[in-house]
Amino acid sequence: MTSLDKIIDIAQKSALEEIQKFDSPNITQFEIANEMGQKIANNLKADTQIVILGTILMDYKIGEAISQNRLKEHIKMSRDAAEELLKANNLPEDQINKVLNCIEGHHKTAQWKYPEAEICANADCYRFLTYRGIISFLVQTGKRGMGLDESIKYALSKVEEKWGILSLPICKQELEPNYIILKKLLEG
Ligand SMILES: [Fe+2]
């Protein structure tokens, strides 16, 4: 195992601990982004190790943020905690910067400076633009006690948000049929 593989392992364990504690992102959506990030990175010959660190850590602190009613701050909280984790495990600075850009740009609110950051943002969209992803999200909002109509409205807003972020032609092509069907389904 290379030192980078060890860091990926540590990041994965730490992210899973957060998920266990806060159930957010839900485990299905966590796995969807990790899997799709790797598929897209392989397809585009990008750095798969940066992408896996990006997809593991992009919502690293979203559970804590939600528990403190600070959802809007989850990107900054995840970025800062990831920086601390990666520095403590001696990831080289140029690689830290790439992973941090993946986190900062995963909602397209910061510029993608590396292809890996665009891949992470696109992988995140699969969490809401796939049937399994949306169903897992609705189960999760239900568990949190959100009412049905509110949950459907929330899911629809995530579908629209992610369709607006999706940028890679291969992903758009793959997800457009899902987008049309999910929109129809959620609009009722
Ligand atoms: Fe996020």
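Overview of results
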{"quantity": "Top of Cys171, Cys102, Cys125 by mean-square fluctuation, Gaussian network on the chain, Cα under 10 Å", "calculated": "Cys171"}
{"quantity": "Cα long-axis angle, helix 3-22 against the chain (0 to 90 degrees, to the nearest 10)", "calculated": "40"}
{"quantity": "Approximate shape of the chain as ellipsoid semi-axes (Cα gyration tensor, √5λ), whole Å, largest first", "calculated": "27, 20, 13"}
{"quantity": "The chain: angle of helix 48-57 to the longest principal axis, Cα-based, in degrees nearest 10", "calculated": "60"}
{"quantity": "Residue-averaged 222 nm ellipticity for the chain, from DSSP H runs of 4+ at -39500 (n - 2.57), nearest 500", "calculated": "-24500 deg cm²/dmol"}
{"quantity": "Helix axis angle, 148-165 relative to the chain longest principal axis, alpha carbon, degrees", "calculated": "50"}
{"quantity": "Among Tyr114, Thr130, Thr141 the positive-end extreme of the charge dipole of the range 103-143 (Cβ point charges)", "calculated": "Thr141"}
{"quantity": "Simple label model, 7 Å out from Cα along Cβ direction - Val139 to Leu16, nm", "calculated": "1.8"}
{"quantity": "Cα-centred dipole magnitude for the chain, charges only on beta-carbon of K, R (+1) and D, E (-1), debye, nearest 20", "calculated": "360"}
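Coordinate-derived values only; no laboratory data. Being a predicted model, the structure only gives us computed values, none of them experimental. Please note: Cβ atoms are built from the backbone with ideal geometry, for glycine as well, and neighbour counts cover all protein chains shown.
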